[in-house]
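Take a look at the structure set out below.
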Amino acid sequence: MAVQKNKTLGEFIIENQSEFQYSSGELSRLINSIRLAAKVVNHEVNKAGLVDIIGEAGDTNIQGEDQQKLDVFANDAFINTLTNREIVCGIASEEEEDFITIQGRNGQNDNKYVVLIDPLDGSSNIDVNVSVGTIFSIFRRVTPPGTPVSLEDFLQPGHRQVAAGYIIYGTSTMIVYSTGHGVNGFTLNPALGTYYLSHPNLSFPKTGNIYSVNEGNYVHFPQGIKDYIKYCQEEEEDRPYTSRYIGSLVSDVHRNMIKGGIYIYPNTAKDPNGKLRLLYECNPMAFLIEQAGGKATDGFRRILDIQPTTLHQRTPFIGGSASMVEKAESFMHRYPQRD
Ligand code: AHG
Ligand code: MN
Ligand code: MN
């Protein structure tokens, strides 16, 4: 399909608002706010090499990981933008121990959506000038409007997401998102501060030749993943595959969505549930992957069907081109499921 020239994200949001089941305009305003916060973060990320903003903030996040200064900046930028606009009733962030309650206009608690974010994904890439991202996930609250948001509003299985997306701060800055009607990508023209529709109807090639996994952890991987990696490396008609691993989920999935490939972050002996967070990383990426025709599982279960029990829970993750993910699953199924 030819890209209609010069369609902006703002125009696209308005034109497609009616596609959304509850089209009150609230979700459109929410995506608009994310677009705005992304510009602020983009500006700061682009300056990372120039100003004293790289390096540790001297804090560790609640998962015991060092926080970079830009993690803090991005966290604040998204939370402030969403809070000031009083669009959502609550926000949960990878960088915050508890969810944030937003009472909204006149303290009425009448906003209907919650947002979950990984404000800066791939933060170890910042000080080496490699792509980072932001991931967001949006649900409709399950508790009644008029009452304060509660934990159960955040602990919903991923198939109930009404929208999800990511921003990639790469050679270009892009927003890629879905409201459940396919996936579209918008590229920022930095001179104008405007995002243009550049990647309409993004879809995963059914198969591909890229596998993305941190092979340094190979000895700790489950046997099914070890076997699958060996399969990727075998000499056959379409193999060995190419290995590509950036260390930023957003960037690795974005590349694989365009070129065809599989991303794997398995459980290891050290991290029995893997490393990636279900609510801030895996659910939104799985929603986008499925909307783009791919598959996302933990090796045994569809990611979007996992019932979360805690805000910061982790899960093994295998996502990408459908036939590659099915092949990886078939290797996993040769061995008994962990726990
Ligand atoms: P974050 O920067 O938000 O902590 O996420 C980093 C995640 C993910 O983006 C990436 O794919 C993975 O961690 C990389 O982990 P390893 O360095 O263990 O490969
Ligand atoms: Mn992350
Ligand atoms: Mn992060």
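Only Cα pairs under 8 Å and 6+ residues apart enter the sum, and on that basis the relative contact order of the stretch 9-201 stands at 15 percent. Classify the stretch 9-201 as rounded, prolate or oblate from the Cα gyration tensor: take a ≥ b ≥ c as the square roots of its eigenvalues, call it rounded if a/c is under 1.5, otherwise prolate when a/b beats b/c and oblate if not. Because a/c hits 1.5 or more and a/b fails to exceed b/c, the stretch 9-201 counts as oblate.
Applied to the stretch 9-16, the Karplus parametrisation 6.51 cos²θ - 1.76 cosθ + 1.60 on θ = phi - 60° returns per-residue 3J(HN,Hα) values of 4, x, 5, 4, 4, 5, 5, 9 Hz, with x for Gly and Pro.
Given a Förster distance of 41 Å, report the FRET efficiency between residue 181 and residue 312 from their Cβ-Cβ distance, rounded to the nearest 0.05.
Efficiency at R0 = 41 Å is approximately 0.85.
Legend: residue pairs 47/295; 206/230; 5/112; 69/270; 69/275, Cα-Cα distance threshold 24 Å; pairs beyond threshold, 47/295; 5/112; 69/270.
Magnitude of the charge dipole for the chain, about its Cα centre and with charges confined to Cβ atoms of Lys, Arg (+1) and Asp, Glu (-1), is about 860 debye. Ranked from largest to smallest solvent-accessible area, with a 1.4 Å probe on the protein heavy atoms, 131, 251 come out as 131, 251. Split the accessible area of the stretch 210-332 by element, probe 1.4 Å, and carbon with sulfur accounts for 45%. Candidates 49, 278, 12 compared by Cα position along the dipole of the chain: farthest toward the positive end lies 12, with charges placed on Cβ. Note on the chain: dipole from Cβ charges, positive end direction compared against 201, 216, 186; the farthest Cα belongs to 201. Dipole check for the stretch 9-201: with +1 at the C-beta of Lys and Arg, -1 at the C-beta of Asp and Glu, and the Cα centre as origin, the magnitude is about 860 Debye.
The values are calculated or read from the model by the stated rules, or taken from the named source; none is laboratory data. Since the model is a prediction, treat every value here as computed from it, not as a measurement. Methodologically, a virtual Cβ is constructed for each residue, glycine included, from the backbone with ideal geometry; neighbour enumeration extends over all protein chains shown. Please note that ligands, DNA and RNA were not included when accessible areas were found on the heavy atoms of the full protein model with its side chains. Shrake-Rupley method; radii C 1.70, N 1.55, O 1.52, S 1.80 Å.
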